[in-house]
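Here's the structure we're looking at; comments come further down.
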Amino acid sequence: MIVATAGHVDHGKTSLVKALTGVDTDRLEEERARGLTIDLGFAYTDWQSRRWGFIDVPGHQRFIGNMLAGVAAIDVAMLVVAADEGPMPQTLEHLQILDLLGVERGVVALTRIDLADPDAITEATRATRELLTGTALDDAPILPVSAVTRTGLEALQAALAAQAETASRRVGRHFRMAVDRVFTVSGAGLIVTGSAHAGSVEVDDQLVALPHGEPIRVRGIRALDEDRRAGHAGERLALNITGIRHQQIHRGDWLVAPVLARPQFRFDARLRPLPDVTLKSGREVHLHHGASHTMGRITLLDGDAGSPRVHIAVREPVGVLHGDRFILRDSSGRITLAGGTVLDPAPPHRGRRRSERLRQLDAMELSGPVAIARAALACTPLELDIEALAWKLNEDPATLAEATPEAVVDRHAGFRLRNAGAWSALKEQIRARLSQFHAGQPQLAGMGVDEVLAVLDPKPSPAVLRDALRDAIRDGAIARSATRFHLPDHKPRLDPKDARRWQRIAPHLQEHPRQPPVVHDLARTLEMDPAELDGLLGRVTFSGNLIRVAKNRFLLPAAVIELAVLAEHLCAGSDTGSFDARAYRDAAGIGRNLTIDLLEYFDRMGLTRRLGDQRRVVGRAEDIFGTAEADQTDSELAAAKPPR
């Protein structure tokens with residue numbers, strides 16, 4: 001159980017922790033010399049069959065950043081108010097911060113009663129109770145104590161224990177710890193300490209240090225100042241780690257399970273500003289999250305001034321997840337503005353105020369991962385990336401999938417859920433639109449992906465449409481010829497004259513399928529007008545027997561499929577995960593001009609993406625062009641065998 005102090009400077013927080021635990025948390029020489037807490041202090045003790053960890057935070061306004069790092073992951077707050085002075089400015093600010101962070105369990109220790117007369121104690125109690133009104137600690141007990149005479153300490157311990165019994169437990173499947181101290185120990189090496197926000201960790205576990213992503217291994221664990229084999233959410237941990245240098249990890253970093261290692265530069269959140277604070281888009285703020293601190297800028301999305309939803313862009317990456325609490329202070333870092341709760345740690349870059357996007361944020365504000373998953377599926381019934389949602393919620397994707405019985409699971413491209421009814425309706429609409437197309441243009445092989453997308457209402461994303469087309473083909477509801485989709489029993493018809501001429505042309509394209517002649521060379525061989533030949537080849541393209549890859553280049557579908565698969569293999573076998581035009585030319589055994597035309601065609605079709613002089617494969621050849629086995633056009637247009 002973790003307890004953090006809060007309160008004005010010199011109200012006796014450190015003395016009270018020492019009286020409760022026997023530990024002086026002022027560990028720095030400067031702190032002891034000045035009698036002033038500057039940084040976080042830690043103490044541990046056992047009572048009432050429980051292990052307790054205390055975080056003593058500085059009370060001076062100049063060290064509010066250190067205070068925020070200390071109260072980021074606590075179970076119970078212990079607000080300290082001196083009976084001989086009553087509430088002071090930092091009492092109020094610390095209470096506001098606890099309230100904005102959602103700390104709902106706490107006690108008030110009315111200290112230094114040995115220095116106050118009864119009237120002063122009564123007045124301090126009244127003023128403190130008034131200060132608590134309307135906050136999460138509204139009903140917190142106020143207990144008169146003295147660290148000097150030890151009066152009231154037993155009652156304070158009992159009150160802390162009572163609060164601890166009802167403290168909410170942390171949720172989250174995978175391990176997360178906010179680092180608040182980094183140091184080395186002779187003979188042991190690098191040590192990092194912090195409060196575990198979620199999950200558990202064991203000796204020899206592999207973790208990742210955020211925000212920079214360095215992999216580390218856990219060599220040893222102390223939990224609440226005791227040697228352990230494992231540490232768990234809600235405990236103060238000291239981890240002996242290896243794989244990273246002292247200079248590479250700092251207060252504010254996170255140690256997380258590898259599955260959570262996705263630092264973000266932006267997130268969406270719900271804010272709760274303090275009274276009399278008005279927030280506007282574009283305002284620069286200090287963001288305090290966990291033990292980290294960085295600058296950011298807010299953009300209002302919706303909601304009223306008292307509880308707006310906002311988009312926050314930060315200068316340095318942060319390890320936020322759904323449900324995390326944070327504090328915003330003004331650009332000077334002197335005034336607390338608001339508290340917030342992270343809704344979406346990875347929002348879209350565009351369309352943040354669209355109605356469908358705001359409905360997704362509504363879903364993220366529901367209580368519990370199951371309710372969120374079901375509402376998220378309702379928002380995007382054709383495609384819910386359950387792995388991405390599980391990361392945002394720090395949950396198991398399989399558990400979320402089981403909680404949505406109305407969905408079907410698609411593992412073809414990741415782990416996605418689709419509403420079964422909506423998915424069937426989309427595939428049926430595709431079939432209906434193809435039937436209408438065939439009725440109007442029976443001579444054509446079918447529709448391309450973009451043509452299908454244009455006639456659907458509502459329009460799915462291109463990726464969802466490709467998955468639906470793939471499923472419909474697998475179900476036998478539709479078929480494909482190269483890049484054209486059609487009903488299984490549809491057979492395209494060319495004009496008889498075009499069909500006869502195509503029978504004559506096809507062998508010349510099949511003779512060297514990877515590098516057939518360009519249009520003007522083929523026209524010269526066939527003694528045809530180049531413009532007339534180009535028109536004929538264009539009509540054959542619509543029949544599904546040919547693919548135009550450039551203005552003057554046509555390839556047979558099987559050759560395009562083969563060359564697309566070659567790009568996949570070339571990329572997969574590269575140390576950099578990419579390739580250049582020369583490497584592709586040499587692997588394909590084709591000329592430079594065709595190489596450039598072909599790679600630019602693959603870029604347009606979404607198979608590859610150009611990055612300088614390199615290309616990466618970003619699509620799947622099978623999804624875009626089909627397979628060689630599937631590309632057997634059963635029609636009178638099947639090409640004749642090339643002459644031997």
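The values are calculated or read from the model by the stated rules, or taken from the named source; none is laboratory data. Computed from a predicted model, the values in this text were never measured in an experiment. Neighbour counts run over all protein chains shown; Cβ positions are idealised from the backbone, glycine included. Note: accessible area is taken over every heavy atom of the protein model, side chains too, but ligands, DNA and RNA are not part of it. Shrake-Rupley method; radii C 1.70, N 1.55, O 1.52, S 1.80 Å.
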Checklist entry - So is residue 382 in a loop (DSSP other than H, G, I, E, B), in contact with a Phe, Trp or Tyr (Cβ under 7 Å, 6 or more places away or on another chain) and closer than 23 Å to residue 420 by Cβ or not? => result yes
Next on the checklist: Quick check on my filter: what residues within segment 45-60 are open to solvent by 10 Å² or more (accessible area, probe 1.4 Å) and at pLDDT 80 or above?
Outcome noted: 45, 46, 47, 50, 51
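What about residue 457, is it under 23 Å from residue 420 (Cα atoms), part of a loop (DSSP other than H, G, I, E, B) and open to solvent by 20 Å² or more (accessible area, probe 1.4 Å)?
Considered against the rule, which asks whether it is under 23 Å from residue 420 (Cα atoms), part of a loop (DSSP other than H, G, I, E, B) and open to solvent by 20 Å² or more (accessible area, probe 1.4 Å), residue 457 comes out as yes.
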Checklist entry - Would segment 207-219 turn up any residue that is more than 25 Å from the chain's Cα centre (by Cα) and either open to solvent by less than 20 Å² (accessible area, probe 1.4 Å) or over 15 Å from residue 180 (Cβ atoms) (or both)? => result yes
Item to check | When residues of segment 169-199 are limited to those that are crowded, with 17+ Cβ neighbours inside 10 Å and among the hydroxyl-bearing types (Ser, Thr, Tyr), the one nearest to residue 262 (Cα to Cα) | outcome: 195
Checklist outcome for this item: Subset of segment 412-452, residues of a type in the set (A, V, I, L, M, F, W, C), within 30 Å of residue 391 (Cβ to Cβ) and without any contact (Cβ under 8 Å) to a residue 24 or more places away in the chain, comes to 420, 425
Checklist entry - Quick one: residue 343 ticks every box in (1) closer than 25 Å to residue 173 by Cα; (2) hydrophobic (A, V, I, L, M, F, W, C); (3) assigned to a loop (DSSP other than H, G, I, E, B) bar one, so which box is it? => result (3)
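If you check 21, 37, which single one turns out to be crowded, with 18+ Cβ neighbours inside 10 Å, of a type in the set (S, T, N, Q), over 21 Å from residue 142 (Cβ atoms) and at pLDDT 90 or above?
Going through 21, 37 in turn, the sole match is 21.
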Item to check | Count of segment 302-314 residues which are more than 17 Å from residue 102 (Cβ to Cβ), modelled with pLDDT under 95 and in contact with a Leu (Cβ under 9 Å, 6 or more places away or on another chain) | outcome: 3
Checklist entry - Any residue at all in segment 322-339 that is touching a Pro at 6+ places or on another chain (Cβ under 7 Å) and among the hydrophobic types (A, V, I, L, M, F, W, C)? => result yes
Item to check | Tabulated pairs, segment 332-347, first free of Cβ contacts under 8 Å to residues at least 60 places away in the same chain and over 22 Å from residue 301 (Cβ atoms), second of a type in the set (Ser, Thr, Tyr) and open to solvent by 10 Å² or more (accessible area, probe 1.4 Å), C-beta under 8 angstrom, 6+ apart or interchain | outcome: none
Item to check | strands (runs of 3 or more DSSP E) contained entirely in segment 233-303, each with at least 1 residues that are among the aliphatic types (A, V, I, L, M) and without any contact (Cβ under 8 Å) to a residue 40 or more places away in the chain | outcome: 292-302
Checklist outcome for this item: When (1) touching a residue at least 24 places away in the same chain (Cβ under 8 Å); (2) closer than 25 Å to residue 68 by Cβ are applied to residue 139, the one that fails is (1)
Checklist outcome for this item: Expected single match for at negative phi and either free of Cβ contacts under 8 Å to residues at least 40 places away in the same chain or not in a loop (DSSP other than H, G, I, E, B) (or both) among 197, 174 is 197
Checklist outcome for this item: If you go through 602, 542, 579, the only one that is open to solvent by 20 Å² or more (accessible area, probe 1.4 Å), farther than 18 Å from residue 512 by Cβ and of a type in the set (Phe, Trp, Tyr) is 542
Checklist outcome for this item: Subset of segment 231-250, residues over 18 Å from residue 213 (Cβ atoms) and either at pLDDT below 95 or open to solvent by 60 Å² or more (accessible area, probe 1.4 Å) (or both), comes to 231, 232, 233, 234, 235, 236, 237, 238
Next on the checklist: If a residue must be among the β-branched types (Val, Ile, Thr), open to solvent by 20 Å² or more (accessible area, probe 1.4 Å) and modelled with pLDDT of 95 or more, how many such residues does segment 315-362 contain?
Outcome noted: 1
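For every residue, the table says whether it meets (1) small (Gly, Ala, Ser); (2) open to solvent by 20 Å² or more (accessible area, probe 1.4 Å); (3) at pLDDT 90 or above.
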{"position": "367", "(1), (2), (3)": "yes, yes, yes"}
{"position": "370", "(1), (2), (3)": "no, yes, yes"}
{"position": "379", "(1), (2), (3)": "no, yes, yes"}
{"position": "387", "(1), (2), (3)": "no, yes, yes"}
{"position": "391", "(1), (2), (3)": "no, no, yes"}
{"position": "411", "(1), (2), (3)": "no, yes, no"}
{"position": "422", "(1), (2), (3)": "yes, yes, yes"}
{"position": "439", "(1), (2), (3)": "yes, yes, yes"}
